[in-house]
Each structure stands twice: as structure tokens, then as C-alpha cells.
Amino acid sequence: MMLRIQQNNTGLRRKKTKPNTKKAPVSAPKRNWIPDPLRQLDISKIRFQIVAVVFIAVWAVLWGRAFYLQIVIGPELRSMASKQHHFTQLVEAKRGNIYDRNGQILARSVEAKSVYAHPKQVADAEFAGKTLAPILGLDPKKLTERLKQDRSFIWLKRKVDDATASAIQKSNIPGIGLSTEYERVYPYKHLAGQLLGFVGVDNKGLEGVERAFNDTLVGSSQKQVVPRDIAGRALYDINDEESRGKDLHLTIDVQLQFIAEEVISKAVETHKAKWGGVLIVDAKSSNILAWAQYPFFNPNNFRSYDPAIYRNRLATDALEPGSTFKPLIVAGALQNKIIDLDSKFDTENGVWTIDHIKIGKDKKPFTIGDDGRAYKELNTEEILAYSSNIGMAKITQAMGAKLTRQFLLDLGFGSTTDIGLTESKGIIRPLRDWSEADLLSTGFGQSIAATSLQMVQAFNILANDGERVHLHILKDENTDNVSQQRVFSRKIARDVLKMMETVVDGNGTGKNARIPGVRVAGKTGTAQKAAANNASGYGDKRMASFIGIVPADSPKYIIYTVLDDLDKNSYGGRLAAPVFQEIAQRSMAYSGDLPDVIFASESDSLSGESLKIKPDKHPAVKQGVVPDVTNLSLKKAMETFYEFGQLPQVVGNGMYVVKQEPPAGTPVIVRDEKTNKEKVVNHTYRLYLSLPEPQAQPDQAAQTPAAEGATK
């Protein structure tokens, strides 16, 4: 029996209980549901395996996704990303510079900004068009239409100024950007404009040297991928120095070019010619030193000029040369032993009518005239000095068409000079097309056509003792005179030069080309111009020209001057010879080849007072002060100003300076009172010579109507 003690409020009391006689039930044994093989496994190992399987599954999914993105649709995504962050830009190579023979820059390229658009990236074309139109000076509607095009790239405006570029950049319109290009600049403006030519908006040479040597100058532009920001702007400019074009060094001398242009422009304006040109060639090297044409052409503004102005006429216009051609025919006849120095021809008292040769629609007899001058029998030298058309016609008649034509080909007529520029071949007709009238007319420079460049090439043969040498316009070429062909002997070349001296210093037609103290060999020319409006025969217009070689005894310069489209009373000896004289005199002074002699005829100054010549030595050149060159020879005066750093204008045709502007001692450097800094004062420098310009004298009488082929 067991006792249970209970506690209540009254205390403890003992309670009897009956003993538990029931037996505890026996529980059934527990069943183990884990198979026996599994009961032997390590649970921790199972956990690791499960995690590994999950991990592998996850990585498989990730790698599958990566494979899909990178391989399956990767190219498409890369293309989309590239379009958003990169664009293909044509990187324009910087064009090479053009220099004169002394390193003066004639043409260079400067950076300019061009405005482009990616229309597909322009979110609001209307807004962009209204915003950009006032900045670019474009029509808003047309600009908006362009921005709505389904294109990836368009130019909005090429080569804008800095202010416009800055405004475009500040507009910050997505899809609109700036690209670096290059703009061609010609620092000397119109100087040698027709020779240099110009470059189009796409950096391609269109005329002149720029076109002829474009492949050398242009470099290698190429397309490159450029990163850009969210606004579509390039993040950096690509350096194109490696692809930059090569520089060109011309044989042109800026100082001689300036002299030639100044003189020819004055002559064209004075005589109301339509056009004028000058070529100066160094006979010792065959380098072309000056290539001048007027009216001037400024390639910086080429769009504002008519093509007739920027045409390089000295190389492309083939004209009948007129009487400047005569010394060459005489040289050919002497070389082929058709004539000698003592040969004489009857010049028919000034008019020669050949009855059996009929010309024109009305079949009139062919008539050659000597412009009203009645000569009888003249020898070879007199024919050249008096410029007798009849005498020259009889010389070519004696030579015959075959011999005459071949000699002209040997001189270089009928083919280009191959100096690299675009040029005409001239006109030398096939032998079968030569009539007797053509043969006779060739003697005085008609029935053929030649360029000014071909003329100086032919006379360069005379200056080089009968050897044909190559002309140069590029200084980088080998400029040694290497004979290409001997055309005539040295003796004949010297004989013809002496005869050309009598044209100037004797009683010939070139008196206005004389330079005191200098032996000048020259020849005048006055060619009739073909009738206008496709009419047959010749019209009333004339071309006046002069070809000269100085000094004649040791050729330095060959100078060809031409004035085109003059009235019928204009002659080469009267108009073109003075142009040659001034250019030759100033050129020789510039190069230091002008002699320091004085002649009795020059002892009077402009005011009629006697000259008191100072010792001919360089005066002291003080920095910042105009030197005193009065009463010095032109040669010494030019040398002094060259040392001073200025090239003065020359007024008059004497040998000594009697007046100068500004006066000696004039300061050229002054101090600015506001900034207290020194500044240079720009003056126009002029030297007045001891003799005024000579009065023009006619080299021939007026033409008679019967003088069909008159040229002088």
C-alpha cells in the first residue's frame, strides 16, 4: 500500500490508496524505415553533394544565358552598343603646305569645324531644326526635313567659323556634333593666284598647282571609329600627322612675283587691255621665278570669281604669237643653212601680193604688208630689227613646210613642257594640212598657236646656247640645266641674240625696252586676233607682247610680257616693251645684277637739276629708322632696303634715286602711349629715279587694209 499525503487548508492528512495491480503494457518494437544500405551513409557527405548539384545547376543556367547573349544574339547587341557609343568618321588628312623658293608660305591648311548630324539619334527634329537654323543661317523647315531623314550621317554645314562652332557645342543637342576638317588659306591673297589654283570643300585641288600635284599634297584621309559621349559628340580629335600630305617648294620668288604683278596690273589698267601676263625664267637653272596674271585672282574667295579669271592662261591659252616668233625662225633658217647673216631679201616696198594664193570667201589674193613702211632690200639682221613680215615670209618660203614644221617641233611647239601643270599643246597642224599661205604666215607668227609657257621654253634654248633644257616649277626637282636636245649650234644662238640686241639698242622696234648699262636682247610682237562671233579672218583686236633676255652677253633672266585684247592701234614695242623694261630693271636690282654706271643722258634729275652722286656704298642701316638712299644707284638703294627688310616701289626709269618716300630718318618703330609698348608703323616705300618714264613711241606705222598678216 502506498500513502499519498495531501496538503489542504487543515493540514496534512494521510490517505490510503489501493495498490496498482495492472501490468504495464508492453510496447511494440519501433520499425526502421531507412534501408540498410542508406543507414551506412554519411549524412554530411549527402548534404555536400546536394549543394554541389544545386550550384552546378545554377552555373549551368548562367553559362547558358551568357552563351545566348554572347554567341546567339551577341553580334546584334554589339552592333547596337557600337552605334550608341561610337561612330565612323572620315579623318581628313592635313594638306601639305606650298612654299616659294625662299620658304615663304604660299598656301597652308588651318583647322576648321564642320557641323554634322546623326538623324536617327535626333529625338526631336522640330526642336533641333528651330534651334540650329539661326546658328547655321539655314532655313528652319528645310533643316528639320533633313533631320527627319532615315540616314545615319549627314553634313549640316562645312567649315564654320569659331563663333558658330561654339554655339553648336553649347546647344548640346543629342545627335549633333562637330568634326575637325581643314580649310585652305593663301596668306598672300592674290599673289600667284592663278598658278596656285584652289581647293574645294572636300580638300581636293580643283585648279593650278593644287590640282596638278593633288596626290602629293592631299595625304591619306581615312575612316576611323571614334568614341562619343551621350550627346553624340566625339570624345577626342584624332591626330593625323602620320597621314599628312607632303609639302611643295616652288621655284617662284615672292619678291619677283610681286614686282611682275605690280607692273603688269598697272599696264593692263593703263592701256585698257582685257588681260595681261608675265613669265620670268632663270636662264641658268631654267627655274620659273614669276608667274603673274592680271586681273588678279584671290583663291581664298574662289567662288566669287568667274572661271575666265582664274584660268591659268599662261599655260592653257594657245594664241598666235606674232612677231616675237621671228628670232626662232631666223635661228632655224641659219641652222639649216637656208640663209646666212648676209642673205638679202626684197621686201617689196612694204606690200607683197601673191596672186596665185587665194584666201577668204571672196578668193582675194593673199597679201602681206609691213604696216605702211616701205623697205626694199634687207639683210637678215635688218629683217629682224625692222620686223619685216615680208622678209620673214620669204625666209620660211625658202625653208619649206617640212623643214619649218620639224624645226618648230624641235623647239617644243606642238607638245606640252611637262612641268606638271595642266597646259595646252598649242597648234602645229599636220604637214598635209599646211598650205602655202600657212607656210608664209608662220614666218611672222601666224597660222600656228603657242602658249606663253612654250614661248619662254623656246627662248630658253637661245639663252642656253642652242640646247633645249627642261623648265622647272618645283624646287625639289634637279634644277641643273641638263640638255635634252641640241636644237642649233652655240654660234647661231649667239648670232641671233646679237641680232635681237639691235632690235632694242639699234634702230629696231624695241627701243622702249632699253636699260642703261645693260645689254638687252629682245623682240616685239603685235598679233592680230581672230574675228569674234565665229567670223572668218582677223578682227580689230590685237595682242601686244615682248620677249627679252638680260644680260644678252650672259643671260640671267628671260622675261615674256603680253597684253591681250587691245585696240587695233596697239603695238608690242609701244606697250609691252616698257613693261619688260621696268620688270627687268627692278629684277636685276633685286638680285644685285644692275650695273653701277651713269650715262650723260641721265645727269638731269626729275626737276632738271644736276645730280651730285654720292660714293656708291651702303649707308648705315639703323634699326627702326628709314635709311637714306637718295642719290644712290638703284642697285645700292635696293640692296640697302633689302637689308632694312622692305621692298620699295620704283617710280621712273633712271639709274639713280633722287627722292624717297617716306623721307630718310622717318621712324618705323614708335611707343604706344597707352600700352607703353613698341609697335611698327606701316609705310608705303617709294623710290623716285633720275629719269621719268620714257614717252611711248610707235614702233611701226598704222596698218593698211591690204596688210593681211601684219604683226610686229
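The values are calculated or read from the model by the stated rules, or taken from the named source; none is laboratory data. All figures in this text were calculated on a predicted structure; none of them were measured in a lab. A quick note on method: Cβ atoms are made from the backbone with ideal geometry, for glycine too, and the neighbour counts reach across all protein chains shown. The protein model used for the area step is the full one, side chains on, heavy atoms only, and it has no ligands, DNA or RNA in it. Shrake-Rupley method; radii C 1.70, N 1.55, O 1.52, S 1.80 Å.
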Of the numbered conditions (1) more than 32 Å from the chain's Cα centre (by Cα); (2) at pLDDT below 95; (3) within 29 Å of residue 293 (Cβ to Cβ); (4) not in a strand (DSSP E or B), residue 496 fails exactly one; give the number of that condition. (2)
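Looking at the stretch 555-564, is at least one residue modelled with pLDDT under 90 and either acidic (Asp, Glu) or not in a loop (DSSP other than H, G, I, E, B) (or both)?
Restricting attention to the stretch 555-564, the residues satisfying the condition of being modelled with pLDDT under 90 are none.
Within the stretch 555-564, none of the residues are modelled with pLDDT under 90 and either acidic (Asp, Glu) or not in a loop (DSSP other than H, G, I, E, B) (or both).
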Could you list, ordered by first residue, the pairs with Cβ atoms under 8 Å in which the first is in the stretch 61-72 and open to solvent by less than 100 Å² (accessible area, probe 1.4 Å) and the second is in a helix (DSSP H, G or I), at least 6 apart or interchain? 69/77
Checked the stretch 632-663 for anything polar (S, T, N, Q) and either open to solvent by 40 Å² or more (accessible area, probe 1.4 Å) or at pLDDT below 80 (or both); matches are 633, 646, 649, 653
Residue in the stretch 244-258 that is nearest to residue 105 (Cα to Cα), counting only those that are in a loop (DSSP other than H, G, I, E, B) and in contact with a Gly (Cβ under 9 Å, 6 or more places away or on another chain): 247
Output the residue which, of all residues in the stretch 320-341 that are polar (S, T, N, Q) and under 11 Å from residue 407 (Cα atoms), is nearest to the chain's Cα centre (by Cα). 335
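Output yes when any residue across the stretch 254-273 is of a type in the set (Phe, Trp, Tyr) and open to solvent by 20 Å² or more (accessible area, probe 1.4 Å), and no when none is.
yes
Quickly run through the stretch 126-145 and pick out the residues that are of a type in the set (A, V, I, L, M), in a helix (DSSP H, G or I) and farther than 16 Å from residue 172 by Cβ. It would help to see each step written out before you state the result.
The initial filter retains those residues of the stretch 126-145 that are of a type in the set (A, V, I, L, M), namely 128, 132-133, 135-136, 138, 143.
From the residues that got through so far, the ones that are in a helix (DSSP H, G or I) too are 128, 132-133, 135-136, 143.
Within the stretch 126-145, 133, 143 qualify.
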So for the stretch 209-218 (the condition being open to solvent by less than 60 Å² (accessible area, probe 1.4 Å), closer than 30 Å to residue 308 by Cβ, touching a Gly at 6+ places or on another chain (Cβ under 6 Å) and acidic (Asp, Glu)), does at least one residue qualify? yes
Would you pick out the residues in the stretch 441-477 that are out of contact with any Ser or Thr (no Cβ under 6 Å at 6 or more places or on another chain) and closer than 20 Å to residue 529 by Cα? 446, 449, 450, 452, 454, 455
Report, ordered by the first and then the second residue, all pairs with beta carbons closer than 6 Å, sequence separation of six or more or different chains, a first member in the stretch 364-388 that is in contact (Cβ under 8 Å) with a residue 24 or more places away in the chain and β-branched (Val, Ile, Thr), and a second member that is crowded, with 19+ Cβ neighbours inside 10 Å and not in a loop (DSSP other than H, G, I, E, B). 368/352; 368/389; 368/390; 368/393; 383/391
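Is it the case, given these coordinates, that residue 184 is among the charged types (D, E, K, R), open to solvent by 10 Å² or more (accessible area, probe 1.4 Å) and in contact with a Phe, Trp or Tyr (Cβ under 8 Å, 6 or more places away or on another chain)?
Numbers: among the charged types (D, E, K, R): yes; open to solvent by 10 Å² or more (accessible area, probe 1.4 Å): yes; in contact with a Phe, Trp or Tyr (Cβ under 8 Å, 6 or more places away or on another chain): yes.
For residue 184, the condition - among the charged types (D, E, K, R), open to solvent by 10 Å² or more (accessible area, probe 1.4 Å) and in contact with a Phe, Trp or Tyr (Cβ under 8 Å, 6 or more places away or on another chain) - is met.
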Of the residues in the stretch 292-311 that are more than 17 Å from residue 205 (Cβ to Cβ) and part of a loop (DSSP other than H, G, I, E, B), the one that is modelled with the lowest pLDDT is 306
Scanning the stretch 510-544 residue by residue, those under 26 Å from residue 634 (Cβ atoms) and either polar (S, T, N, Q) or at pLDDT below 80 (or both) turn out to be 512, 524
So, in the stretch 408-429, exactly how many residues are open to solvent by 10 Å² or more (accessible area, probe 1.4 Å) and either more than 26 Å from residue 209 (Cβ to Cβ) or out of contact with any helix residue (DSSP H, G or I) (no Cβ under 8 Å at 6 or more places or on another chain) (or both)? 8
Can you name every residue in the stretch 282-311 that is under 18 Å from the mean Cα position of the chain (by Cα), buried (at least 22 other Cβ atoms within 10 Å of the Cβ) and closer than 23 Å to residue 584 by Cα? 287, 288, 289, 290, 291, 292, 293, 294
The listed residue being assigned to a helix (DSSP H, G or I) and either more than 30 Å from residue 553 (Cα to Cα) or modelled with pLDDT of 95 or more (or both), out of 314, 279: 314
Can you report the number of residues in the stretch 146-170 which are surrounded by fewer than 13 Cβ atoms within 10 Å (Cβ to Cβ), in a helix (DSSP H, G or I) and touching a residue at least 12 places away in the same chain (Cβ under 8 Å)? 1
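Taking residue 215 as the residue in question, decide whether it is closer than 30 Å to residue 313 by Cβ, outside any loop (DSSP other than H, G, I, E, B) and either touching a residue at least 60 places away in the same chain (Cβ under 8 Å) or not aromatic (Phe, Trp, Tyr) (or both). Give the steps one after another, and end with the answer.
Details: closer than 30 Å to residue 313 by Cβ: yes; outside any loop (DSSP other than H, G, I, E, B): yes; either touching a residue at least 60 places away in the same chain (Cβ under 8 Å) or not aromatic (Phe, Trp, Tyr) (or both): yes.
Spelling it out, residue 215 is indeed closer than 30 Å to residue 313 by Cβ, outside any loop (DSSP other than H, G, I, E, B) and either touching a residue at least 60 places away in the same chain (Cβ under 8 Å) or not aromatic (Phe, Trp, Tyr) (or both).
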Test each condition in (1) of a type in the set (Ser, Thr, Tyr); (2) touching a residue at least 24 places away in the same chain (Cβ under 8 Å); (3) within 25 Å of residue 184 (Cα to Cα) for residue 304 and report the one that comes out false. (2)
If you scan the stretch 327-345, which residues turn out to be outside any loop (DSSP other than H, G, I, E, B) and touching a residue at least 40 places away in the same chain (Cβ under 8 Å)? 327, 328, 329, 330, 331, 332, 333, 334, 335, 345
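Suppose we filter the stretch 349-363 for residues that are touching a residue at least 40 places away in the same chain (Cβ under 8 Å) and either under 14 Å from residue 393 (Cα atoms) or surrounded by 12 or more Cβ atoms within 10 Å (Cβ to Cβ) (or both); how many remain? Break it down stepwise before answering.
First, the residues of the stretch 349-363 that are touching a residue at least 40 places away in the same chain (Cβ under 8 Å): 350-354, 357, 359-361.
From what's left, either under 14 Å from residue 393 (Cα atoms) or surrounded by 12 or more Cβ atoms within 10 Å (Cβ to Cβ) (or both): 350-354, 357, 359.
Looking only at that region, the number is 7.
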In this structure, is residue 197 closer than 30 Å to residue 278 by Cα and open to solvent by less than 60 Å² (accessible area, probe 1.4 Å)? yes
One residue is enough: does the stretch 481-501 have a residue meeting the conditions under 25 Å from residue 589 (Cα atoms), touching a Ser or Thr at 6+ places or on another chain (Cβ under 6 Å) and either among the hydrophobic types (A, V, I, L, M, F, W, C) or open to solvent by 10 Å² or more (accessible area, probe 1.4 Å) (or both)? yes
Going through the stretch 431-452 one residue at a time, which ones are assigned to a loop (DSSP other than H, G, I, E, B) and either modelled with pLDDT under 95 or within 20 Å of residue 333 (Cβ to Cβ) (or both)? 434, 435, 443, 444, 445, 446, 447, 448
